[in-house]
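Notes follow once the structure below has been shown.
The values are calculated or read from the model by the stated rules, or taken from the named source; none is laboratory data. Keep in mind the model is a prediction, meaning the values are calculated, not measured. Positions of Cβ are backbone-derived with ideal geometry, glycine not excepted, and every protein chain shown enters the neighbour counts. Remember, those area values only see protein heavy atoms, side chains included, never the ligands or the DNA or RNA. Shrake-Rupley method; radii C 1.70, N 1.55, O 1.52, S 1.80 Å.
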Amino acid sequence: MEQLVFEKSKSGRKAYTLPVCDLEEYSSQSLLPDKFKRQTELHLPELSETEVARHFFGLSKLNYCIESGVYPLGSCTMKYNPKINEKLASLDGFANLHPHIDEDSAQGALRLMYELGESLKKITGFTGVTLQPASGSQGELTGILLFRAYHLDRGDTKRNKILIPDSAHGTNPASSTIAGYQVVSIKSDSDGRVNVEDLKKYCDDTVAGFMLTNPNTVGLFEKNILEIEKAVHGCGGLMYLDGANLNALLGIVNPADMGFDCMHINLHKTFSTPHGGGGPGAGPVCVNDKLKPYLPVPQIEFDGKKYHLNYDLPKTIGKVHSFFGNFLVFVRAYAYILINGTEGLKEVSKNAIINANYLLSKLKGKYHQPFKEFCMHEFLITGENQKKFGVTTKDIAKRILDFGLYAPTIYFPLIVHEAMLVEPTETETKERLDQYAEILLQIADEAEKNPEILLTAPHNTPIRRVDDARAARFVNVNYFKGETKG
Ligand SMILES: *Cc1c(COP(=O)(O)O)cnc(C)c1O
């Protein structure tokens, strides 16, 4: 590996050729008052084009991505996204469409959004949809604002709480709080599912709703869902499904049938958009008839001939995103759904579940499995067995990097010590899963015989073990000539 020298600038080197400035006005400096003129030299790196290209190519090689290998981040669904969808999203008519263009000239784009919405309704069993939210968490916020609009519209002003299981993704309490609600944490049972008795204790006329992830964040299906639904609806609350990760349910379980009133779907997890690194996503929200009147505007409608933007929803919560949302993410999802079709999507989920159970079956002898059941699209194991040798889940995760692979999600969910949440996804072959299992088993072996190699891992990465706190607090992504900050 090339040594990591970040500073490559040499004074006088250039990667560009510009024509000589021949504008009299500018060179005479008469137009710009002195006080606006730069007093100090602009510090930019000076490199030849070759070195610029090598610099960025080198950085790209430091990045781990799904094209590098298995990326089993539980809950995040880091699966392979077909490249054809990237190509479609970059078509001129999609990529360069101006959001202010008139309806007549954007019929194709409106049709795509309309049909994507219809597909998502079909997949989830709901009757209303908005594509606007730009992420799962923004979808949650939108959904909870819909809950609030629903209750207030009925003159039901006492409801100030959202109930959330203690295994939930951190965005659930965050979005509920931003929407102005108090969050009540509901305990999980020893089998990893919602403790229904604990939930029932809180079900009263101050509850606006219950937010649930199903399959939940320990990879299990909440089989008491109908009893939960009864308790929540029984006290006048609404049911929210965190469907960020829909990889286990496609064509198998219909979320509306489980008694939910509303859900969001992360297109960037299940429906083909590369994510991570903060790129654009989309978190469409699907609702049943109860919540439809409050959906964000505009709604996209079809009168049999033409597609329209309807802003005339008297009870709407308004807009939650400029224009219509992240359109090019819709293009990818639309293509993904069309290419797979109903049967193909079902295969996606079946294979995601089979792959997860296959990998789990290989690992559970060596790694502690807190909830001993078959899993859905992801599974939970822990580093509990390895603790007695003085190593933690973090050490195991760091050691995985030495083999050129990525670690699973660790220390989430919070309810299980030393957690590793593993989601291999449907896009991995048996050989890749075998290889991943072998490496994890070898690491378990090393933990026993040579724990030091884990404690000091990673050994083969460009940067060795970093100080987490420092790395997060003193992120340095700027160029300062001649200085290293932080
Ligand atoms: C990813 C995820 C979210 C948040 O989605 P973002 O698009 O990252 O905001 C919420 N809940 C669960 C269960 C998730 O996996």
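Structure values in brief
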{"read-out": "Residue list for segment 166-218, restricted to those being closer than 28 Å to residue 156 by Cα, among the basic types (Lys, Arg) and touching a Leu at 6+ places or on another chain (Cβ under 9 Å)", "value": "187"}
{"read-out": "Scan of segment 152-167 for residues that are small (Gly, Ala, Ser) and open to solvent by less than 20 Å² (accessible area, probe 1.4 Å), ordered by number", "value": "167"}
{"read-out": "Residue 150 vs. criteria touching a residue at least 12 places away in the same chain (Cβ under 8 Å), away from the ligand (no atom under 14 Å from the Cβ) and part of a loop (DSSP other than H, G, I, E, B)", "value": "no"}
{"read-out": "Residue 393, sole failed condition from (1) touching a Leu at 6+ places or on another chain (Cβ under 6 Å); (2) modelled with pLDDT of 95 or more; (3) polar (S, T, N, Q)", "value": "(1)"}
{"read-out": "Any hit, segment 234-245, residues being at pLDDT below 95, more than 30 Å from residue 477 (Cα to Cα) and within 11 Å of the ligand (Cβ to nearest atom)", "value": "yes"}
{"read-out": "Test: residue 244 is under 21 Å from the mean Cα position of the chain (by Cα), aliphatic (A, V, I, L, M) and within 22 Å of residue 126 (Cβ to Cβ)", "value": "yes"}
{"read-out": "Segment 127-147, residues that are open to solvent by 10 Å² or more (accessible area, probe 1.4 Å) and part of a loop (DSSP other than H, G, I, E, B)", "value": "127, 131, 134, 135"}
{"read-out": "Selected residue [more than 24 Å from the chain's Cα centre (by Cα) and either among the aliphatic types (A, V, I, L, M) or not assigned by TED's automatic domain parsing to the domain that holds residue 416 (or both)] from 89, 134, 168, 106", "value": "106"}
{"read-out": "Sole residue being more than 19 Å from the chain's Cα centre (by Cα), in a helix (DSSP H, G or I) and not hydroxyl-bearing (Ser, Thr, Tyr), chosen from 59, 97", "value": "59"}
{"read-out": "Scan of segment 168-200 for residues that are farther than 21 Å from residue 373 by Cβ, outside any loop (DSSP other than H, G, I, E, B) and open to solvent by 10 Å² or more (accessible area, probe 1.4 Å), ordered by number", "value": "171, 173, 174, 177, 178, 182, 183, 184, 185, 200"}
{"read-out": "Residue that is open to solvent by 10 Å² or more (accessible area, probe 1.4 Å) and away from the ligand (no atom under 11 Å from the Cβ), where the choices are 262, 203", "value": "203"}
{"read-out": "Pairs where the first residue, in segment 72-94, is in a loop (DSSP other than H, G, I, E, B) and the second is more than 15 Å from the ligand (Cβ to nearest atom), C-beta under 6 Å, 6+ apart", "value": "72/424; 78/66; 79/427; 80/66; 80/427"}
{"read-out": "Residue 107 vs. criteria more than 15 Å from the ligand (Cβ to nearest atom) and farther than 20 Å from residue 323 by Cβ", "value": "no"}
{"read-out": "Residues located in segment 267-302, provided they are outside any helix (DSSP H, G or I), at pLDDT 95 or above and open to solvent by 40 Å² or more (accessible area, probe 1.4 Å)", "value": "289, 290, 301, 302"}
{"read-out": "Where a residue in segment 350-366 is assigned to a helix (DSSP H, G or I) and its partner, wherever it lies, is open to solvent by 70 Å² or more (accessible area, probe 1.4 Å), with Cβ under 6 Å and at least six apart", "value": "357/374"}
{"read-out": "Condition met for residue 232 (β-branched (Val, Ile, Thr) and within 21 Å of the chain's Cα centre (by Cα))", "value": "no"}
